[in-house]
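Read the structure below first, then the notes.
The values are calculated or read from the model by the stated rules, or taken from the named source; none is laboratory data. Remember, predicted model here, so these are calculated numbers, not experimental data. Note that each Cβ is placed from the backbone with ideal geometry, even for glycine, and that neighbours are counted across all protein chains shown. Each accessible area value is taken on the protein alone, full model and side chains, heavy atoms only, with ligands, DNA and RNA left out. Shrake-Rupley method; radii C 1.70, N 1.55, O 1.52, S 1.80 Å.
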Amino acid sequence: MAEAVVLLDMWVSPFGQRCRIALAEKGVAYEYKEEDLSNKSPLLLQSNPVYKQIPVLIHDGKPVCESLIIVQYIDEVWSDGAPLLPADPYARSQARFWGDFIDKKIYECGTRLWKLKGEAQQEAKKEFIDILKLLEAELGEKKYFGGDAFGYVDIALVPFCAWFYTYETFAGFSVEAEAPKLSAWVRRCMERESVAKTLYDPVKVYEFICQLNKKDGVA
Ligand code: GS8
């Protein structure tokens, strides 16, 4: 019997994009449901009553929430495809550590880059560049974060790369100049169909953020 897989998502969400990339990597067919976050669907509210946020993966009627938990779930359920997490427990712990680091640092600091101005923005920029350099050091000379195979940490980070243009334009810096090896990794990831088909044009992301800023009266 065909399984029912539904993803509640929103086009520009880097968290939702993680799930879309993982599903594409595993070749899982699913129904995509775009949410209007200003008017959340009853299905979303009922599927994620705690956070009321996208993304939610609904597998045979059972909801799974939180993007990195969803990516791990996808890896475990569709285990016949290439694994996203390594098999070795220590290597798994390290992949989860970096996924958690990306979750705690990138989005929060990135948001300060386009929401704030003046000194606070400059401070966020310094912090963001430090984060990029830490990630670049972890990547080292490897092709992907996990080595030769595209996997969990790549999926955790790569959706934010479509936001780099927004971060750079608002805060005035260049990711390529600050972290050239990380930029080369972004280009390598973009060669994968799962990533290229999922990420949006960085200019579209920028325009979306400009709209949001206007609505919030920030800009
Ligand atoms: C974050 C999801 C999230 O921020 C995850 O899945 O990893 N830790 C979660 N979702 C946002 C949209 S993307 O910025 C969301 O659903 N916001 C609506 C709201 O908070 O009301």
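Assorted remarks:
- Only one entry in Y107, Y73, Y30, Y90 is of a type in the set (S, T, Y) and near the ligand (Cβ under 10 Å from one of its atoms), namely Y107.
- Note on the range 136-172: residues that are in a loop (DSSP other than H, G, I, E, B) and surrounded by fewer than 19 Cβ atoms within 10 Å (Cβ to Cβ) amount to 7.
- In the range 186-219, the residue that is most open to solvent (accessible area, probe 1.4 Å) out of those that are of a type in the set (D, E) and not in a loop (DSSP other than H, G, I, E, B) is E193.
- Counting residues in the range 21-30 that are outside the structural domain of F170 (by TED's automatic domain parsing) and open to solvent by 70 Å² or more (accessible area, probe 1.4 Å) gives one or more.
- Given (1) within 12 Å of the ligand (Cβ to nearest atom); (2) of a type outside the set (V, I, T); (3) part of a loop (DSSP other than H, G, I, E, B); (4) over 14 Å from the mean Cα position of the chain (by Cα), index of the condition S79 fails: (1)
- Members of the range 9-20 found to be over 17 Å from Q72 (Cα atoms) and crowded, with 21+ Cβ neighbours inside 10 Å, listed by number: D9
- Filtered residue count, the range 31-59, keeping only those that are open to solvent by 80 Å² or more (accessible area, probe 1.4 Å) and either more than 16 Å from V12 (Cβ to Cβ) or touching a His at 6+ places or on another chain (Cβ under 8 Å) (or both): 7
- From the list L134, L212, L199, L139, the one residue that fits, being in contact with a helix residue (DSSP H, G or I) (Cβ under 9 Å, 6 or more places away or on another chain) and modelled with pLDDT under 95, is L212.
- Selection status of K133, more than 25 Å from G16 (Cβ to Cβ) and either of a type in the set (F, W, Y) or open to solvent by 20 Å² or more (accessible area, probe 1.4 Å) (or both): yes
- Residue in the range 61-80 that is in contact with a Gly (Cβ under 6 Å, 6 or more places away or on another chain) and either at pLDDT 95 or above or not assigned by TED's automatic domain parsing to the domain that holds M10 (or both) present: yes
- Taken over the range 38-72, the criterion of being over 18 Å from F150 (Cβ atoms) and either of a type in the set (V, I, T) or within 16 Å of the chain's Cα centre (by Cα) (or both) is satisfied by V50, Q53, I54, P55, V56, L57, I58, V64, C65, E66, I69.
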